[in-house]
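Accompanying notes for the structure given below.
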Amino acid sequence: MDRNLNRLSPRERECLYWASEGKSSSDIAAILGLSPRTVDSYLEKTCAKFGVRTRIEAVASAVRAGILHPRPPADFGDPAP
């Protein structure tokens, strides 16, 4: 698995990033100027490289591998009103 992590294409990384932000394939497609099916294809390739089945697992694997860095929600840590 780890040899393949460095082989993520720039588009695979972009799609994975936007998936980590909770975007759907349609949303990612609109952002990147691609078709939703192309986004799905990039994410499927990413999953195969990580040896996982879902985009959520791929995002988690990327965070563990240091490829993605989680961001807390904007209101994280704000005291309750």
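What follows is calculated from the coordinates using simple rules that are stated; it is not laboratory data. From a predicted model like this one, the values you see are computed outputs, not experimental measurements. Methodologically, a virtual Cβ is constructed for each residue, glycine included, from the backbone with ideal geometry; neighbour enumeration extends over all protein chains shown.
Points to keep in mind about this one:
- Options A19, A60, A30: the member that is under 27 Å from P72 (Cβ atoms) and touching a residue at least 12 places away in the same chain (Cβ under 8 Å): A19
- Selection from segment 20-44 of residues that are surrounded by fewer than 19 Cβ atoms within 10 Å (Cβ to Cβ) and hydrophobic (A, V, I, L, M, F, W, C): A30, I31, L32, L34
- Considering only residues in segment 21-39 that are in a loop (DSSP other than H, G, I, E, B) and among the polar types (S, T, N, Q), the one that is farthest from the chain's Cα centre (by Cα) turns out to be S35.
- Residues of segment 45-62 satisfying the condition of being outside any loop (DSSP other than H, G, I, E, B) and exposed (fewer than 13 other Cβ atoms within 10 Å of the Cβ): A48, I56
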